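Reading through the structure tokens given below for one structure.
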Ligand SMILES: Nc1ncnc2c1ncn2[C@@H]1O[C@H](COP(=O)(O)OP(=O)(O)O)[C@@H](O)[C@H]1O
Ligand SMILES: [Mg+2]
């Protein structure tokens, strides 16, 4: 909060995220403790793109909540750029699955919110927001309201709003989960190109293995009940990856996907059996 | 689907093949508007006509139920001869002033307290039993108390109007704060918003939709509050004219006063709709117009 610039180290430098023994327990409505995630440990290197894949309810969003500082862990620790996370950390941007756009603000107003909160003057914030809207292909839509945009365009606005602060860390919780297949592919390609320009460290959550392999440097498989990291797969597809839709058909892509799927399948089936027996 | 294609083709050519489509839409709209107004005019003609006719032939006793022509005569009298308590404009002015001040006072306190308690769970838990208790008191009794305490002037009327308005606006502001999208709050918090900034950028604008939606009803209640308090005891005002006319079995004047109050409420409604349209211009139209993207 003390810094006026959201990213004191400047663009092009993502921060390292170190997660050690992260555990989060919730109280169920009945008053019993419920362990959502247990002993989650992994590191995201500066500028690395890491995807977490796992069955629904395994604790992916919970993990992200601890990293963003919106929530406090029950045990374990998270450090960002060497500093322990204790409350909201500067230089972090978050993109949610649901649109977190202000319906009463115009597209421009929505993108401006980050710089304005950091005390940038209105004129420079407007200028910066306009530049970012051009960057995500929304020039000319500055005065629209979110309800006047398509789902894909709303995502672009969210993306501009998340990246305008040039974050050291970008947290994404199934950001493209609600999009149709074509729009999703376009947004993924665009995300990759923007990430390449800014190089924040990315923690990307998805239940779509295809998406994880296409985007990430590393894919972590999370198991359910309680959630923990089961395995890590390095994705050695060359960068820049270009069109996401095209690399999907490459032999090596399919190879990697099959290998990870074998691990993931067990988890999905186990999670399904758990919920089925609980119901 | 096909309209979208026609629309985009029209834009591409920058001519107007879309003109025919627009023209057809305009014609359909005009036809509907014409029919709408015809029916709207017919409703009072039928109602007033049968009222006049039934009292004329004596099926309905005009002594108890008045008569449209009599109501009109009373209206004319009210404006030309005034009342026992001064001109009709004075009385109307008194009632409207009480209602407007009561409305403003009730609205301001309702918004402030609603936003405050909505955001502070502890404070709201402390105060909620008392608010429920106050809310359960029949307001007309409050009117009696205010008049005994503050006399026959305009202040107790304003106060009763304010109390009626307060609870409506308060509950809406409170609920509005509670219904804030947690995603939006999380989003601005991550971007580094202080609690004050969260309130300014998220909570208050989002509660505003609820508050503004409540203002229509609230103004109606402000008028009711002022009138009821005047009926309970006053030196001026439409409520006083109504009680007096009632005492003299002058139903025509009661109806005439009612009509005046109705006109005032309609004007206020109109002004409030303008305010609402201006403040809530970001909202999607209720029946969404097709928007090819
Ligand atoms: N605030 C909460 N209180 C109680 N249980 C919660 C809370 N948040 C999440 N959980 C539980 O923790 C588990 C993990 O949730 P979540 O992290 O949202 O899963 P995912 O994002 O992987 O689908 C779920 O079983 C969920 O019911
Ligand atoms: Mg989730």
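The values are calculated or read from the model by the stated rules, or taken from the named source; none is laboratory data. Quick caveat, the model's predicted, so the values are computed rather than measured. Every residue, glycine among them, receives a Cβ derived from its backbone with ideal geometry; neighbour counts consider all protein chains shown.
Could you tell me how many of the residues in the stretch A:101-114 are surrounded by fewer than 22 Cβ atoms within 10 Å (Cβ to Cβ) and more than 10 Å from every other protein chain (Cβ to nearest Cβ)?
1
Could you say whether any residue in the stretch A:260-278 is within 19 Å of residue A:50 (Cα to Cα), free of Cβ contacts under 8 Å to residues at least 40 places away in the same chain and in the same structural domain as residue A:190 (by TED's automatic domain parsing)?
First, the residues of the stretch A:260-278 that are within 19 Å of residue A:50 (Cα to Cα): A:260-261, A:263-264.
This time we only want the ones that are free of Cβ contacts under 8 Å to residues at least 40 places away in the same chain, so: none.
No; the residues of the stretch A:260-278 include none that is within 19 Å of residue A:50 (Cα to Cα), free of Cβ contacts under 8 Å to residues at least 40 places away in the same chain and in the same structural domain as residue A:190 (by TED's automatic domain parsing).
Of these, A:90, A:98, which one is out of contact with any helix residue (DSSP H, G or I) (no Cβ under 6 Å at 6 or more places or on another chain), in a loop (DSSP other than H, G, I, E, B) and within 11 Å of another protein chain (Cβ to nearest Cβ)?
Details: A:98 fails: out of contact with any helix residue (DSSP H, G or I) (no Cβ under 6 Å at 6 or more places or on another chain).
Unique residue meeting the criteria: A:90.
With respect to residue B:51, determine if the residue is outside any loop (DSSP other than H, G, I, E, B) and in contact (Cβ under 8 Å) with a residue 12 or more places away in the chain.
Values: outside any loop (DSSP other than H, G, I, E, B): yes; in contact (Cβ under 8 Å) with a residue 12 or more places away in the chain: yes.
For residue B:51, the condition - outside any loop (DSSP other than H, G, I, E, B) and in contact (Cβ under 8 Å) with a residue 12 or more places away in the chain - is met.
Out of the stretch A:129-149, which residues are part of a loop (DSSP other than H, G, I, E, B), within 24 Å of the chain's Cα centre (by Cα) and more than 12 Å from residue A:163 (Cα to Cα)? It would help to see each step written out before you state the result.
Within the stretch A:129-149, the subset part of a loop (DSSP other than H, G, I, E, B) is A:136-145, A:149.
Narrowing the set further to residues that are within 24 Å of the chain's Cα centre (by Cα) leaves A:136-138, A:149.
If the condition is that a residue be part of a loop (DSSP other than H, G, I, E, B), within 24 Å of the chain's Cα centre (by Cα) and more than 12 Å from residue A:163 (Cα to Cα), then A:137, A:138, A:149 are the ones that fit.
Taking the stretch A:26-46 only, how many residues are surrounded by 16 or more Cβ atoms within 10 Å (Cβ to Cβ) and away from ligand 2 (no atom under 16 Å from the Cβ)? Talk me through it step by step, then tell me what you get.
Quick first cut of the stretch A:26-46, residues surrounded by 16 or more Cβ atoms within 10 Å (Cβ to Cβ) only: A:35-38, A:40, A:42, A:44, A:46.
If we keep only those that are away from ligand 2 (no atom under 16 Å from the Cβ) too, we end up with A:35, A:38, A:42, A:44, A:46.
Count: 5.
I'd like to check something: does the stretch A:53-73 contain any residue that is farther than 18 Å from residue A:202 by Cβ and more than 16 Å from ligand 2 (Cβ to nearest atom)? Outline the logic, then answer.
Taking the stretch A:53-73 as the starting set, the residues that turn out to be farther than 18 Å from residue A:202 by Cβ are A:55-59, A:62, A:71-73.
From what's left, more than 16 Å from ligand 2 (Cβ to nearest atom): A:72-73.
Yes, that holds for at least one residue.
Please enumerate the residues belonging to the stretch B:186-197 that are part of a helix (DSSP H, G or I) and within 10 Å of another protein chain (Cβ to nearest Cβ).
Looking only at the stretch B:186-197, we keep the residues that are part of a helix (DSSP H, G or I), and these are B:186-190, B:195-197.
Residues satisfying the conditions are B:186, B:187, B:188, B:189, B:190, B:197.
Which of (1) in contact (Cβ under 8 Å) with a residue 24 or more places away in the chain; (2) away from chain B (no Cβ under 14 Å); (3) more than 22 Å from residue A:214 (Cβ to Cβ) is the odd one out, the single condition residue A:165 does not satisfy?
(2)
So residue B:248 passes all but one of these: (1) away from chain A (no Cβ under 14 Å); (2) in contact with a helix residue (DSSP H, G or I) (Cβ under 9 Å, 6 or more places away or on another chain). Which condition number does it fail?
All conditions are met except number (2).
Counting just the residues of the stretch B:171-185 that are touching a helix residue (DSSP H, G or I) at 6+ places or on another chain (Cβ under 8 Å) and facing chain A (nearest Cβ under 8 Å), which one comes out surrounded by the most Cβ atoms within 10 Å (Cβ to Cβ)?
Within the stretch B:171-185, the subset touching a helix residue (DSSP H, G or I) at 6+ places or on another chain (Cβ under 8 Å) is B:171-181, B:184-185.
Subset that is facing chain A (nearest Cβ under 8 Å): B:181, B:184.
Numbers: B:181: 16, B:184: 22.
Among residues in the stretch B:171-185 that are touching a helix residue (DSSP H, G or I) at 6+ places or on another chain (Cβ under 8 Å) and facing chain A (nearest Cβ under 8 Å), the one surrounded by the most Cβ atoms within 10 Å (Cβ to Cβ) is B:184.
May I ask you to list the residues in the stretch B:199-239 that are farther than 30 Å from residue B:90 by Cβ, without any contact (Cβ under 8 Å) to a residue 60 or more places away in the chain and more than 19 Å from the chain's Cα centre (by Cα)?
B:200, B:201, B:202, B:205, B:206
Out of the residues in the stretch A:58-84 that are assigned to a loop (DSSP other than H, G, I, E, B) and out of contact with any helix residue (DSSP H, G or I) (no Cβ under 7 Å at 6 or more places or on another chain), which is nearest to the other protein chains (Cβ to nearest Cβ)? Explain how you work it out, then say what you get.
Step one: list which residues in the stretch A:58-84 are assigned to a loop (DSSP other than H, G, I, E, B), which gives A:58-59, A:69-74, A:81-82.
Pick out the ones that are also out of contact with any helix residue (DSSP H, G or I) (no Cβ under 7 Å at 6 or more places or on another chain) and you get A:59, A:69, A:72, A:74, A:81-82.
On the way: A:59: 17, A:69: 8, A:72: 14, A:74: 20, A:81: 16, A:82: 19 Å.
It comes out as A:69.
Return the residue satisfying two criteria in turn: it lies in the stretch A:23-56 and is in a loop (DSSP other than H, G, I, E, B) and in contact with a helix residue (DSSP H, G or I) (Cβ under 7 Å, 6 or more places away or on another chain), and of such residues it is farthest from ligand 1 (Cβ to nearest atom).
Let us first name the residues in the stretch A:23-56 that are in a loop (DSSP other than H, G, I, E, B), namely A:28-32, A:45-48, A:54-56.
Next cut, in contact with a helix residue (DSSP H, G or I) (Cβ under 7 Å, 6 or more places away or on another chain) only: A:54-55.
On the way: A:54: 6, A:55: 7 Å.
Residue satisfying both the conditions and the ranking: A:55.
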